[in-house]
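A quick write-up on the structure given underneath.
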Amino acid sequence: MRIQKILFLLTILHVFVLNAQEFDWANSVTGGEHEYGIKAIKNSLGETYLIGYSTGNPFVYEGNEYYTNGRSDAFFIKLDSQKNLVWLKTIGG
């Protein structure tokens with residue numbers, strides 16, 4: 001029984017060590033209701049593309065308000081390598 005517990009703990013430790021990632025950057029999107037980030041992709045130039053959706057209007061990124069066409073609209077965001085907003089597009093209505 002003791003060996004099983006040790007193996008279990010080693011397995012859990014191994015999983016967490018293999019899946020650990022270095023924390024690089026974070027920012028928030030706020031708004032009247034809920035904003036959901038679905039996917040983030042970083043290219044070889046260090047630019048980041050974000051896909052998500054907002055259930056309210058407007059939503060705020062870096063102090064700027066962005067209006068969508070209605071509820072549950074998708075947004076697409078491109079950030080440069082310094083994480084500055086390059087463009088933000090919304091779809092829906």
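The values are calculated or read from the model by the stated rules, or taken from the named source; none is laboratory data. For clarity, every value in this text was computed on a predicted model and none was experimentally measured. Glycine also receives a Cβ, built like all others from the backbone with ideal geometry; neighbour counts cover every protein chain displayed. Accessible surface is based on the protein model in full, side chains and every heavy atom, while ligands, DNA and RNA are left aside. Shrake-Rupley method; radii C 1.70, N 1.55, O 1.52, S 1.80 Å.
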- If we scan region 55-65, do we find a residue that is part of a strand (DSSP E or B), of a type in the set (Phe, Trp, Tyr) and either at pLDDT 80 or above or out of contact with any strand residue (DSSP E or B) (no Cβ under 6 Å at 6 or more places or on another chain) (or both)? no
- Taking the residues in region 68-89 that are open to solvent by 70 Å² or more (accessible area, probe 1.4 Å) and either within 16 Å of the chain's Cα centre (by Cα) or more than 19 Å from Glu33 (Cβ to Cβ) (or both) as candidates, determine which candidate is modelled with the lowest pLDDT. Lys89
- Query: Does at least one position in region 7-30 carry a residue that is open to solvent by less than 100 Å² (accessible area, probe 1.4 Å), assigned to a strand (DSSP E or B) and at pLDDT below 75?
  - Reply: yes
- Message: On the basis of being open to solvent by 40 Å² or more (accessible area, probe 1.4 Å), assigned to a strand (DSSP E or B) and in contact with a Phe, Trp or Tyr (Cβ under 8 Å, 6 or more places away or on another chain), does Ile51 make the cut?
- Response: yes
